[in-house]
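What follows is a single structure, written as structure tokens, with notes after it.
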Amino acid sequence: MTDSWTLDAADGELQLRTAVKGRAARMGHRLTIAMTRWRAAVRWAGTDPVAAELTVEVGSFGVLSSQGGVKGLSGPEKALVRSNALSSLGADRFPEIRFTADVIEETKNGYRLSGTLEIRGKQREHVIDLHTEDLGDSWRMSAESTVRQTDYGIKPYSLLMGSVQVADDVTLSFSAVHAKDD
């Protein structure tokens, strides 16, 4: 086995899902946002992963789809959502989001990655449960994790004087396939 793996958007996908809340929540859109430029590096000691790091380019956010709302989002509305997200994330000052796992423990279904998540220059401890599946000549990996925006100094977007708000908790999902001999 090689001593490191590198994965990127060619190997899988990294998506963010939002929810809405507030008195007029049914008027809001639940969004699926793709992060199209990311890189994950895993360091191995023999057959055991010992460290992992995920770096996401904030500017690579793009709205894939929306559910709910009075009507679907148009192209210009998706561009406005993207612009608001980049502004909320301070993309000009903080162009990357980074998760660094320095403790990796084997679990029944994969691995538990414990480490630090950094968004907008703020670091918080974060744990991700990574599910792995042996496909014979490759591994399928998947994870889902919840991030509270306000923990990182992000004010969730709202409109109509707060009647429609993006929920504070957003869900990040990851899936990728990596060949065993790479």
> Lysine pairs, Cα distance under 22 Å, 8 or more residues apart or cross-chain: how many in the chain?
Replying inline: 6
> Extension gain GLU96-ARG112, at 0.36 nm per residue separation less the Cα-Cα distance, in nm?
Replying inline: 3.5 nm
> How much accessible area per residue does the stretch 2-179 have, in Å², with a 1.4 Å probe?
Replying inline: 56 Å²
> Taking all protein chains as present, what is the carbon and sulfur share of the accessible area of the chain, in % to the nearest whole number, probe 1.4 Å?
Replying inline: 49 percent
> Per-residue accessible area for TRP5 at 1.4 Å probe radius, Å² rounded to 10?
Replying inline: 10 Å²
> How high is the relative contact order of the chain, in percent, with contacts defined as C-alpha pairs under 8 Å that are six or more residues apart?
Replying inline: 24 percent
>> Rolling a 1.4 angstrom probe over the protein chains, ignoring ligands and nucleic acids, what is the accessible area of ILE104 in square angstrom, nearest 10?
In response: 40 Å²
> How much mean residue ellipticity at 222 nm does the chain get from its helices, if each DSSP H run of length 4 or more adds -39500 (n - 2.57) and you divide by all residues, to the nearest 500 deg cm²/dmol?
Replying inline: -2500 deg cm²/dmol
>> Sort LYS108, LYS180 by heavy-atom solvent-accessible area, probe 1.4 angstrom, most to least.
In response: LYS108, LYS180
> Taking the structure as given and computing semi-axes √(5λ) of the Cα gyration tensor in Å, which label from (1) 26, 22, 15; (2) 26, 17, 16; (3) 32, 17, 15 fits?
Replying inline: (3)
> How much accessible area does ASP168 have with a 1.4 Å probe, in Å² rounded to the nearest 10?
Replying inline: 30 Å²
> In a solvent-free Debye calculation with one equal scatterer on each Cα, what is log10 I(q)/I(0) for the stretch 70-171 at q = 0.24 Å⁻¹, listed in the order of the q values?
Replying inline: -1.26
> For ASP8 and LYS71, FRET efficiency with R0 = 30 Å and r from the beta-carbon atoms, rounded to 0.05?
Replying inline: 0.30
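The values are calculated or read from the model by the stated rules, or taken from the named source; none is laboratory data. What you are looking at is a predicted structure, and each value in this text was computed from that prediction instead of being measured. Cβ coordinates were reconstructed from backbone atoms using ideal geometry, including for glycine residues, and neighbour counts include every protein chain displayed. Ligands, DNA and RNA are excluded from the accessible area calculation, which covers all protein heavy atoms including side chains. Shrake-Rupley method; radii C 1.70, N 1.55, O 1.52, S 1.80 Å.
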